[in-house]
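I have placed the structure first, in the form of structure tokens, so that the comments after it can refer back to it.
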Ligand SMILES: Nc1ncnc2c1ncn2[C@@H]1O[C@H](COP(=O)(O)OP(=O)(O)OP(=O)(O)O)[C@@H](O)[C@H]1O
Ligand SMILES: Nc1ncnc2c1ncn2[C@@H]1O[C@H](COP(=O)(O)OP(=O)(O)OP(=O)(O)O)[C@@H](O)[C@H]1O
Ligand SMILES: [Mg+2]
Ligand SMILES: [Mg+2]
């Protein structure tokens, strides 16, 4: 029919990678979060910039769509960076399937790619992933909630953030799966915050009204946690209700310290950014093959929040990069 | 007083004694919220006559005309065409019965050109398969529009000018031309010459006469009594939403008409 | 021909030989895109006279009036008030010079009540501190509106009725009433009686006479030649965007006026 | 010579003035009826619905939307629209929060700053609409984009946290047992209703929306008035943004995305027309609470977000459909 | 008796017809000028901008918005608005993807299904607007909400994945070296421009938006026509949703959030009026590409997203401002 799937493979990637000026000269890397505007991604950025600084002569171009639901926007963004012929792209896919062709077209154009936080499906062999297993961590969150609540029957609620987005789905499915292993826990409310603190507060308030006996809440990202904590606080039930949250924005950590929040599932965004950039730079300059790594999760509680380990994750700094 | 108005019992008789009414309103009531604009209005149009519908401001003339042309559905009463009761639920029904109307508020589409307005709802399509696709024959419409306007002595910049750019009289001319082109049976003209110049007014009256001579009926709403007496065969007077009187035009004076419109037989106007 | 139109050299002389013009347009040019509506129009209004501005449809009358009342800025030429050139950049400037206008398109706000329209831009506020906050004195405005409309013989359901619900003539009455209430110096009336009934028309003409007798100047645009000859002291004729002729009203006939408007001295109209 | 003012439409029965009043209020009454039906239904469906706590919750949750919707109503009456409310509320909120955190402002001073930010944004909108004569949709769409960009630039896309406890008073405090946010909403609503219905300013607002050219020819200072309308609207949006920030004790860069749809919907459900000249504050409030009660009820009954969206859509349709239906009936039948 | 049709406005110089044509096209030309200026500036600023690859990229990236914007333009001309485009595109995309994955439909059959979904949504919009006479803003706001809810219900809020390679043809394929999405855009644009400017259907569309009552009295079948307009618009939205899904090789439940703002902006930048009766497809296309080029250029020049938002806002203002300015000048000076 004259219609064929586009293929830009006539650009010889090998030739480009062998370009000595690219290898020794200044490098320009695009680092793209799922969306701009949250603490988590700013920490990723800090890690990326740290790695760039340590490597020397590397520029990080930080850019992203405004909402992580804007999958097509991210596809376009990656495409535009390929057009610009940056030396490498480090990014977090808003959608594993949707971004697979974008990653491929970057590779075809000779631009190496490293994924952080969320990879693509399929994930090409030459593309590494520096990420946490959201699904497994969410199962763990359910276990944590069960542990905090102890024996006896309890009603719990979940504040998800953006139904239909992949990270949300992984966490929701993980938590639900984890919950299924604890027969004494019943999920009585599940509402989204749309990553808006006010919205998170509103739905939590309403869930609390409808369930005066609510014992625990799992909130699946930063705005959801903050809003849920606010609602519990406003209802005067701080301490009575166990909140298991995700991420580690300053106010979340403060909430953990003063007992509003029982535990936080904390990823290592600094490492994601750091490893992504560091490995791509090494690959470009020294030809080291790219290898995936799990950046790990930490379960932060009031007990361990002040340990050195936790502090390294909470306040990462380039003076002491967490190289592993 | 020059003429005795006939009885107001609503029986429809041609004052000249001829024929069935072609268009008739019987006991029409029309309310807008709590305002009763028509309260049992009767109106009769016979074949091949010019009948003037007159009345004070707010008497309900335009409302009556809108019920006759299918714009408003009457709340009570009935409309008859050729003696048969009809329900005009849309203006299309009235048009299909050959009733064509110039509304007082003109009802033209400002963004469309003069030609497009003249042919609105009756576009000329290209012949052949393209026409069946709905392709417009602009040239034919421009030509037709220019001719029609010429006949009425209308002077407009160009038939492709959007109506929004026309003067008040020019707009009215377009609306009048539109009704006159398409009428086959009855033409209703709601104050058609209010904004027209002397020459254009005369042209419109000429056309009205010619239409009558060709066998059409014309309903003319006007506040210009000399004009009414000059052109109408018959006059019906509306007052407070009801028919107040009917006159043959050759037997009345302006004063009779004014008295009937205002309802005061002792009241005289110094109007010419 | 009854009267020889005076020379068109643009010198402003009162035909009765008295006084300075109170309002004057000199060589006004106004273009809309590629349409030249006024092409060097002159117009003069003297103190305490009724001057009729007549012309064919599309001659530029309404455009001229809009430049006189500050709605349009002229592209060329100048406007003078009491002999001094002025620049009316908004209608407010014209109003402050005491020029009040009824526009052909009426310019009323459909969603507002009759009373609100009459007082639009000149609301009566409550006395005292509340008034300084901008609090409306509705009652006073309702009273004033009812009185003003009564004077003009206007019959409307209620002064609180939104304009959208009025008949064509009622709308026009409101617009005319508004101009007449507020005028102090010059009243410009663009076809003020086009939609009015016989009685209401007579009332408006009465008011016009009284205004003149009280020392105001009135500009009247009308296509009704008998009306023009009845009420005007002077007539100015506009044709193709220029002044075509000026007449004292007592020395002309309708035929002279029509000839001047159409530019054909051989052309006669059988109009009354 | 006096004319007896006798006329078809004058011969109205004595009860008609009352009917007219009623019919004027009916538009709101339709939405109000929908609201009441909903409240009754929810009272039966959930034992938790009709409790003081829940009603106060709804009131406080709706405060921001209601306040911003009154502002939107005023703009809509002028035949305008303000798409920038979400961005501007976010901007005001983060600036207010930063003023407290970084500059040590008191809550009240910060609130004044937030209102000032809103006023500045409103001034931009107003000048674009009135002086540059850019259609309001585009003018405020631009402000929406620019405003959100500024929020991200000044915050570095990070929420403004670590605010003192006192920052919460506006959103979470109480006065005589009534949430402060509700009191503020009531004050704003009464003030705006007064402004629009009783003052010259309000009259001009309706006149401009009803017929801009007529308003201009009547000597209404269009440029100044439209600018003032957008500035006042902006101030209310600023206040709303500050209340929103206070409720979550932080300045959120992502606050208010799609907020414009909610507030415009509230105004239109309450009888405002996007074609100008029509709208009332009481209607808008009812519209805002209608949406809020639907959402509250849905969460109380644990309806999943998926079905919630369907239900919200259906109720919006229904509320406005009955309103339209009633108006048509009224117009054509009395 | 014939009258010599001699008239002030008739005495136009011979070049005037040409000038009129030009002035009719000028609205688009202003936006076009802005677009050209931008393109020239970007060509100098970035070596990557004016390359075939990049231009094709821009074209393909803009295809969905451009196609949906032409649909929106038609709706706007009728004095309507369609806020549901984003939801409906998402619904069409996921249903199309599910048809391929779960029912084994071919891409073309699935595309037909997606267009059918769009048509159904358009039918709902059209009936709500024309029969129930709900204002378009509210009618389509409801559809927006209901549509998104349905997407979530049928997908369980999980994207539709595991599609065959062939699913990408619509969005990523090429025909004679030109991206298929661009070809589709061109076909749709030409078809819609023809429909609106050359046919009776188009004439009625403008007439309804210009003066609904006049259109009704002229015998135009309002209910049927408005319904048809929304159905056709819905079909294009369905096609757009399918292209979008194809581009990302999956059905995305969250696709198209805030899409309505982009497409309405494109139409208005291109000269359409939200008050009906005005708008042209060529203008809308230019508007869509103006926005797309700004975004593309911003990335090529490494402008951060924060500043991008500010710049996009400024450019939207500027494009429309110059258009307004030109129109005013033209109107008052010739
Ligand atoms: N806003 C406008 N845009 C374009 N053309 C206009 C505009 N206003 C008037 N014109 C043109 O200017 C010419 C004069 O119009 P104007 O309204 O002044 O005529 P007029 O003498 O008042 O006519 P009438 O007796 O019909 O009211 C007409 O040809 C008209 O088409
Ligand atoms: N759409 C409407 N809504 C409410 N009232 C209306 C409406 N149309 C007309 N009316 C009222 O009905 C009455 C009759 O109006 P109508 O327009 O029929 O009068 P008319 O005889 O044509 O007057 P005119 O000579 O001024 O044109 C008026 O009192 C008017 O206020
Ligand atoms: Mg009438
Ligand atoms: Mg005129």
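What FRET efficiency comes out for residue A:288 versus residue A:177 if R0 is 45 angstrom and r is the Cβ-Cβ distance? Round to the nearest 0.05.
0.75
Tell me what chain A gives for mean residue ellipticity at 222 nm when only DSSP H runs of n ≥ 4 count, each as -39,500 (n - 2.57), the sum divided by the residue total, rounded to 500 deg cm²/dmol.
About -13500 deg cm²/dmol.
Find, among the residues of chain C, the one whose Cβ sits nearest the axis of the rotation taking C to B; state the distance in whole Å.
Here the nearest residue and distance are C:194, 2.
Using only Cα atoms, find the angle between the long axis of helix D:136-155 and the longest principal axis of chain D, and express it within 0 to 90 degrees, rounded to the nearest 10.
Tilt of helix D:136-155: around 10 degrees.
How large is the helix-only mean residue ellipticity at 222 nm for chain C, computed as the sum of -39500 (n - 2.57) over DSSP H runs with n ≥ 4, divided by its residue count, in deg cm²/dmol to the nearest 500?
Numbers: 9 runs with 84 residues, N = 272.
After summing the helix terms and dividing by residue count, I get -9000 deg cm²/dmol.
Classify chain B as rounded, prolate or oblate, taking a ≥ b ≥ c as the square roots of the eigenvalues of its Cα gyration tensor: rounded when a/c is under 1.5, otherwise prolate if a/b is larger than b/c and oblate if not.
It is prolate, given that a/c is not under 1.5 and a/b is the larger ratio.
May I ask for the angle, rounded to the nearest 10°, between helix B:168-182 and the longest principal axis of chain B, with both axes built from Cα atoms and the value confined to 0 to 90°?
90 degrees
What is the mean number of Cβ atoms from other protein chains located within 10 Å of the Cβ atom of each residue in peptide E:236-246, rounded to a whole number?
1
Placing a label point 7 Å from Cα toward Cβ, how far apart in nm is residue C:19 from its equivalents in the other copies, listed shortest first to one decimal?
Spelled out, the distances from residue C:19's label point are 5.7 nm.
When the Cα atoms of the protein assembly as shown are enclosed in a convex hull and the volume is divided per residue, what value in Å³ results? List each step's numbers first, then the result.
Working: hull volume 293.0 nm³, N = 1536.
That works out to 191 Å³ per residue.
With the cut-off at 1.5 for a/c, could you classify chain D from its C-alpha gyration tensor as rounded, prolate or oblate?
Oblate is the answer for chain D, as a/c is 1.5 or above yet b/c matches or exceeds a/b.
Among A:222-235, E:244-257, what's the highest-first ranking by average C-beta atoms within 10 angstrom per residue?
E:244-257, A:222-235
For peptide B:131-142, compute the average count of partner chain beta-carbon atoms within 10 Å of each residue's beta-carbon.
3
Take every Cα pair under 8 Å in chain A that's 6+ residues apart, average their separations, divide by the length, and report that relative contact order as a whole percent.
19 percent
Each label point is 7 Å from the Cα along the Cα-to-Cβ direction; what then is the distance between the points at residue D:53 and residue A:258, in nm?
For residue D:53 paired with residue A:258, the spin-label model returns 2.1 nm.
Return one number: the angle in degrees, 0 to 90 and rounded to the nearest 10, between the long axis of the Cα atoms of helix E:107-130 and the longest principal axis of the Cα atoms of chain E.
50 degrees
Using only Cα atoms, figure out Rg for the range B:111-182 and give it as a multiple of 2.2 N^0.38 Å.
After normalising by residue count via 2.2 N^0.38 Å, the value is 1.10.
Assuming 0.36 nm per residue, please report the length gained on full extension of the stretch residue E:45 to residue E:223 beyond their Cα-Cα distance.
Answer, rounded to one decimal: 58.9 nm.
Calculate the spin-label point distance for residue A:153 paired with residue A:85, positioning each point 7 Å from the Cα along the beta-carbon direction, and give it in nanometres.
Inter-label distance under the simple model: 6.9 nm.
Testing the spin-label approximation: label points 7 Å from Cα along Cα→Cβ at residue A:121 and residue D:258. State their distance in nm.
2.4 nm
Taking the Cβ-Cβ separation of residue C:132 and residue E:314 as r and a Förster radius of 35 Å, what is the calculated FRET efficiency to the nearest 0.05? Could the numbers behind the result be given before it?
Working: r = 41 Å, r/R0 = 1.16.
The pair residue C:132/residue E:314 has a calculated efficiency of 0.30.
Just to be sure I understand: if I project the alpha-carbon convex hull of the range B:129-272 onto a plane and average over all orientations, what area do I get in nm²?
Details: hull surface 46.1 nm².
Mean orientational projected area (the range B:129-272, Cα hull): 11.5 nm².
Classify the range C:143-196 as rounded, prolate or oblate from the Cα gyration tensor: take a ≥ b ≥ c as the square roots of its eigenvalues, call it rounded if a/c is under 1.5, otherwise prolate when a/b beats b/c and oblate if not. Don't skip to the end; give the middle numbers.
Working: a/c = 2.10, a/b = 1.28, b/c = 1.64.
Judged from the Cα gyration tensor, the range C:143-196 comes out oblate (a/c at least 1.5, b/c at or above a/b).
Ranked highest first by average number of other Cβ atoms within 10 Å, how do B:157-166, A:187-196, C:111-120 line up? Working shown, then result.
Details: B:157-166: 19.7, A:187-196: 22.8, C:111-120: 25.0.
Packing order, densest peptide first, comes out as C:111-120, A:187-196, B:157-166.
Beta carbons within 10 angstrom, averaged per residue: use that to sort the peptides D:230-238, C:123-131, highest first.
D:230-238, C:123-131
Any chance you could check the Cα centroid distance between the range B:80-131 and the range A:81-95 for me, in angstrom?
After rounding, the separation between the Cα centres reads 60 Å.
When the Cα centres of the range C:203-266 and the range C:26-43 are compared, how far apart do they sit, in Å?
With the range C:203-266 and the range C:26-43 each reduced to a Cα centre, they are spaced 21 Å.
Out of every Cα pair in the range C:174-231, what percent are spaced more than 18 Å from each other? Can you show the working numbers first?
On the way: 383 of 1653 pairs.
In whole percent, the share of Cα-Cα pairs in the range C:174-231 beyond 18 Å is 23.
Would you tell me the mean number of C-beta atoms belonging to other protein chains that fall within 10 Å of each C-beta in B:22-35, as a whole number?
If you average over the peptide's residues, the count of other-chain Cβ atoms is 4.
For the range A:278-303 and the range D:107-160, what is the separation of their C-alpha centers, rounded to whole Å?
41 Å
If you put a point 7 Å past Cα along the Cβ direction, how far is that point for residue E:41 from the same point in each other copy, in nm, smallest first?
Copy-to-copy label distances at residue E:41, shortest first: 5.3 nm.
Would you mind calculating the relative contact order of the range E:65-123 from Cα pairs under 8 angstrom and at least 6 residues apart, reporting the percent as a whole number? Walk me through the numbers before you get to the answer.
Values: 31 pairs, mean separation 17.1, N = 59.
Value for the range E:65-123: 29 percent.
Can you show me the helix-derived [θ] at 222 nm for chain E, built from DSSP H runs with n ≥ 4 at -39,500 (n - 2.57) apiece and divided by the number of residues, rounded to the nearest 500.
The helix contribution divided over chain E gives -25000 deg cm²/dmol.
Output, in nm with one decimal and in ascending order, the distances from the residue C:131 label point to the matching label points of the other copies (7 Å from Cα along Cα-to-Cβ).
Spacings between copies for this position, smallest first, are 7.1 nm.
FYI, it's all coordinate maths here, none of it is from the lab. All values reported here derive from a predicted model rather than from experimental measurement. Methodologically, a virtual Cβ is constructed for each residue, glycine included, from the backbone with ideal geometry; neighbour enumeration extends over all protein chains shown.
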